[in-house]
1. Across the range A:316-344, what is the number of residues that are closer than 19 Å to A:GLY278 by Cα and in contact with a Gly (Cβ under 7 Å, 6 or more places away or on another chain)?
2. Has the range A:682-695 got any residue that is of a type in the set (S, T, N, Q), surrounded by fewer than 19 Cβ atoms within 10 Å (Cβ to Cβ) and touching a helix residue (DSSP H, G or I) at 6+ places or on another chain (Cβ under 8 Å)?
3. Starting from the range B:34-59, take each residue that is more than 11 Å from chain A (Cβ to nearest Cβ) and list its partners that are aliphatic (A, V, I, L, M) and assigned to a loop (DSSP other than H, G, I, E, B), counting only C-beta distances under 8 angstrom and pairs at least six apart or across chains.
4. When the range A:423-450 is examined, which residues are found to be surrounded by 24 or more Cβ atoms within 10 Å (Cβ to Cβ) and on the phi > 0 side of the Ramachandran plot?
5. Just to check your reading of the model, which residue among A:LEU129, A:LEU65, A:LEU124 is in a strand (DSSP E or B), touching a residue at least 40 places away in the same chain (Cβ under 8 Å), aliphatic (A, V, I, L, M) and open to solvent by 10 Å² or more (accessible area, probe 1.4 Å)?
6. Out of all the residues in the range A:642-658, which are closer than 22 Å to A:LYS584 by Cα and open to solvent by less than 10 Å² (accessible area, probe 1.4 Å)?
7. Can you work out which of the residues in the range B:106-120 that are surrounded by fewer than 20 Cβ atoms within 10 Å (Cβ to Cβ) and assigned to a loop (DSSP other than H, G, I, E, B) is farthest from the other protein chains (Cβ to nearest Cβ)?
8. Inspect all residues belonging to the range B:201-211 and state whether any of them is in contact with a helix residue (DSSP H, G or I) (Cβ under 8 Å, 6 or more places away or on another chain), basic (Lys, Arg) and surrounded by fewer than 24 Cβ atoms within 10 Å (Cβ to Cβ).
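The values are calculated or read from the model by the stated rules, or taken from the named source; none is laboratory data. Quick caveat, the model's predicted, so the values are computed rather than measured. A quick note on method: Cβ atoms are made from the backbone with ideal geometry, for glycine too, and the neighbour counts reach across all protein chains shown. We work out accessible area using only protein heavy atoms, side chains counted, and drop any ligands, DNA or RNA first. Shrake-Rupley method; radii C 1.70, N 1.55, O 1.52, S 1.80 Å.
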Amino acid sequence: MVKPEVYKELGLTDQEYQKIETIMDREPSPTELAMFSVEWSEHCGYPRSRKWLKLFPQEGKYPSLVGEDSGGIIVDDLAIVFKMESHNHPSQVEPKQGAATGVGGIIRDIFTAGAKPIASLNSLRFGPLTEPYNKFLLRGVVDGIQFYGNCLGVPTVGGEIYFDESYSGNCLVNAMSIGVCHKDQLARAKAVGVGNPIMYVGSSTGRDGIGGCSVLASHEFSEGEEKRPTVQIGDPFTEKCLIEATLEMLATGHVLGIKDMGAAGLTCSSAEMADAGGVGMEINLDDVPLREQGMEAYEIMMSESQERMLVCVKAGHEKEIEDIFAKWDLHGVVIGYVTDDKNLRVKYQGKVVADIKTEALAKGPVYDMPAEKPAYLDEVNKLDLATIPLPTNYNEVLLSLLASPSLANKAWVYEQYDHMVQTNTVVLPGSDAAVLRLKGTTKGLAATTDCNSRYCYLNPYRGAQIAVAEAARNLVCSGADPAAVTDCLNFGNPEKPDRFWYFKNCVMGIVDACRELYLPVVSGNVSFYNESPKGPINPTPSIGMIGILNDVNKHCTQYFKDEGDIIFLLGESKEELGGSEYLKVIHGQVAGEAPALGLKVEKAVQKVVYEAIGLGYINAAHDCSEGGLAVALAECCMSDQNNMIGAKITLVPGIRADAALFGESQSRIIVTCKKENLCKIEELAIENNLVCNELGVVGGDNLEIANLINLPVEQLSQTWRSAIKL
Amino acid sequence: MKFGVVVFPGSNCDQDCFHVVDKVLKQPVEFIWHKTTKLDDYDCLIIPGGFSYGDSLRCGAIARFSPIMEAVIGFANKGGLVIGICNGFQVLLEAGLLPGAMLRNKDLHFICKFVDLKVETTETPFSSQYKKGQVVSIPIAHNEGNYYIDDQGLAELKKNNQIVFTYTNNPNGAVADIAGIVNKNRNILGMMPHPERCSEDALGGSDGRIIWESIVKWLNQKSIKS
C-alpha cells in the first residue's frame, strides 16, 4: 500500500485513498494517485459543495446554457457566454502572476466555448491599505490584470474593490469574462467518436503550477509556508495567439470538442472530456510538447502550465488544425485518440502509467458537510441605535465616507485597464454597470459584479440575496433587463461547521433571490479554504450578472445631467444602520442586522425604473448602496468629471438623520427627470405600490442636503478621487 | 480606394480599425497578414494598436522585422498613406519611418482614458478636415507613450510643421506634449491616441472620425487628379 505521507502530501484523506484502492482494485500507480488527487480536490471536483450547487435555478427570461466550463444565455441568434472564477490563493502568494493567470484562465473558458471574449470584469477584496503587504497585493493584482487583459485586447469594463480586515492574509481575486458568438457556433467540452484524434494545442508543458489546485486552492494558508513554486506563470501574447488560432480552428467545423487545460491541466481536460462524451481516451505523453527535460509522467499530467487546450477533432482533419496553429507559432499535435472502453489510459516511454475509469476521476466523492451557526453571531447582531450618538458635523462624516477606500473612486485602478478596445464600451467604468453594444444588432449588454460581504457575515442568507438584488438593480439603473447570473463563492474552510453554515445559507439566499427575480445561475465557481492564521474571510458570494438592453442607445448613467432636473427617490428609507459603512468608519463597529430586503418591493423598484428608462422619462438613475443616500447623491453630482453639478435636497422626515443620510436600506434608486416627466414616473410608481419621494433639484456648485450638509462638489470630488493612489 | 489593416501576431486594434473603415466610412478594406510582401493594391495602410509580439524586447521592435515591413517602407517611400496608431506608431518609430522613440509613461502605469488634443496643423492628409487649434477629445491606451526626441530633432519637427497633435494636459511626459507627428513628406502619421475608438456617436464621441474623413477626402482628390 502507498504510504499515508505520500497521499496526504497530495491532499488526499485516508478515506479517499481507501476509495481509490477500491475503485482500482489494486494499488494505484504514482501517476494515478496524482491524477485522483487533483481531480478530487475541491477546486476541480467540488466534493463539498456540489450537493448545494445543484439547487441553483436554471431558468429565466432567456433560454439558458448551463454548460461544462461556462454557461450563458441565448438572445435572438446570439449566444452570450460568461463565467466568474477565483484565483485567490495564487494571488495572495504572487499577486501579479496570480491575477494575470486568473484572467487568462477565465478567458480561455469563454473562447473554448466557441465565443469571442468581449469583456472582462473583476471583483477584488483586500485587507486595509494601512498594511504595506495589502498595498503590495493591490498594486500587484492590478498590474497582473492590466498586464494580461490589455495585451489580449479584451476590455476590462467593470468590477468592484472592497477593503476589510478579514481579507488581510487572504485576498480575493475573482475574474469574470463574457463572450459572444452565433448560437450555432457554440463548442462542447467533450470527446466523441471512437478513433477520432485528440490534439494538444497551444503552449508547451513545464513544471509550473504542479498541483496548484490541490496544494494551493484546497487548503488554507498557514504561517511561513513557501508556496510560490506552485503559482503558474502567464504569457498573454501566447494566449492572444491562442484565441485567434482557436476561433480560426472552430470556424473550420472540424472540431468535435474542446477543453481548456486549466486547473489540474491534462488530467482534468482528458478525463472530463472523455466522461462528458461517454467514451474512453488513450494519450501518449511522449507526444506532449515539453519545455523541460526529464519530466515525470505525473508532472506532465498535473502541470498547470498556461495557454494550453485539448481538442477532439474529426479524423482526417488533423493537418488542417496543425497548420492553423503553426501559422500562429503554436503547438498543434495529436497526442491520442478516442477509445470505446470508457477508460483514460496514459502511456509514457513505452509503458502504461495510468489506466482509470474516466467516470471515477470526473465524478469524485460528494460529502455532506456539517453546518452550525457560529456562537458569536447572535451577540454581533445586537445593535441598539440608542447607543450610537448622532454626529455633530455631517459634512465631515460625508467626506470621511467618500475617502473610505471601499467607497472611494477607483479611477487609479480602472484607468490602468484598457476598457475601450474592441470599440463596444458604451458606458465606461464609473457608473452603476458597464454597457456594451453588440455589434451587428441594436441590442446592448450590461454587466456588473456585486457582493457586500459584511452583510453576508451578519446574515448570510439575506446578504447573498442582497448581492443578487443589488447586481440586478445596478443593471436596471443602466437601462438593462437583468438576464442571468454567474457566481464565485468564496468562503473559509468547509471542514469547519461554522464556515460551512455560512456557505449553505449564502447558497440558499442566492437560490431564493434568483427564483424570485427569475434569473438563472448559468455558471460559477467555489473557492473554499480562504483563511489565514488571522481567521476566515467574510463570506463572499460574488455575483456576476448580465442584462440585456433592447436598444443600446436607451442606456442610462448615474450622473446628474441638466440644471433644473427633478431628483426623487424610489423606494423607502428605513431606520437601519446595521452593517453600514457609516457604522464601521465613523463608529468603529461591525454590528447589527444586514439591511432588510423585500424581494417583492425590489422587483417593483426595478420594474418601474426599467420601464421609465425605456420610455425615455429618466435622465439619471443610481442605486443607493454603501454609504447610503448621501454618498449616492454625491456620486451623482461628481462622477462625470467634466460635467460636475450640484443639487439641493430635502430629506423625508421620520427617521434619525444619520440613518436617513447614511443608512443602507435596500431597494432604493435615485432618479432624475425633466419636470414634465415627473408625474408619469409617479404614476408608474403608484401602479406598482412603490414609495416615491421628491428629493430636490439638480443645479448649482454645491451639494446641499437639508440643513445638514453643504459642500462644494469640487471638494467632494477631490476627497473622493484622491483616496486611492498608490 | 482601398485600405489595408496590417495584422501582426498580438495586434489587437486591427478589427476596430477595420470596423471603422468598413462600417463607418463604408470604404473597401482588407486585413493584411504580416508575412505579406506585396502592397501594390492599397491606397492607405493602417498599422493598428495592440501588443505586437507581446511587446517583447521593446514595443514594436520585433514587428519592425516582420516580412511586411520592407514592403511598408517601399509603399511609404512611393508616397502611399500610412497611419500608425499606438503600437502602430511605435512600429513606425522602430522602422525609422518616423523620428524619435517611446519611453514608459512618466507615472510608470498603463493609462486608458479620453484626453484632449490640440490640432497643431491641418496641412496633412490626415488632419485637413479639422480646424487649426481645435481641441478634440480622443482616448489613449498605452504604457509607453512618452514620446522622446532630442532638441535638434524637435527643432526639425517644428521647423517642418510635423507636429500634428499635442496633449493639452500631458498624461505621459511626452516631449513638447507631442501626441502625433508626420514625416517630412507628410504621408506617414504616427499617433498614440486611438481615433478608431471615437469615430461613432454611440461610443461617447466622434472626434476621431475626422481623421478618417480627411484621409478619404485626400484619396478622392488624388484619384481625381490622376
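1. Initial filter on the range A:316-344 (closer than 19 Å to A:GLY278 by Cα): A:336-344.
Within this subset, residues satisfying the condition of being in contact with a Gly (Cβ under 7 Å, 6 or more places away or on another chain) are A:337-344.
Of the residues in the range A:316-344, 8 are closer than 19 Å to A:GLY278 by Cα and in contact with a Gly (Cβ under 7 Å, 6 or more places away or on another chain).
2. We begin by selecting, within the range A:682-695, every residue of a type in the set (S, T, N, Q); these are A:688-689, A:693.
Narrowing further to those that are surrounded by fewer than 19 Cβ atoms within 10 Å (Cβ to Cβ): A:688-689, A:693.
Right, trim to touching a helix residue (DSSP H, G or I) at 6+ places or on another chain (Cβ under 8 Å) and you get A:688-689.
Within the range A:682-695 (the criterion being of a type in the set (S, T, N, Q), surrounded by fewer than 19 Cβ atoms within 10 Å (Cβ to Cβ) and touching a helix residue (DSSP H, G or I) at 6+ places or on another chain (Cβ under 8 Å)), the answer is yes, since at least one residue qualifies.
3. B:ASP43/B:MET1; B:CYS44/B:MET1; B:LEU45/B:LEU39
4. If the condition is that a residue be surrounded by 24 or more Cβ atoms within 10 Å (Cβ to Cβ) and on the phi > 0 side of the Ramachandran plot, then A:THR423 is the only one that fits.
5. Details: A:LEU129 fails: in a strand (DSSP E or B); A:LEU124 fails: open to solvent by 10 Å² or more (accessible area, probe 1.4 Å).
Going through A:LEU129, A:LEU65, A:LEU124 in turn, the sole match is A:LEU65.
6. The initial filter retains those residues of the range A:642-658 that are closer than 22 Å to A:LYS584 by Cα, namely A:655-658.
Passing the criteria: only A:ASP658.
7. B:LYS106
8. Among the residues of the range B:201-211, at least one is in contact with a helix residue (DSSP H, G or I) (Cβ under 8 Å, 6 or more places away or on another chain), basic (Lys, Arg) and surrounded by fewer than 24 Cβ atoms within 10 Å (Cβ to Cβ), which makes the answer yes.
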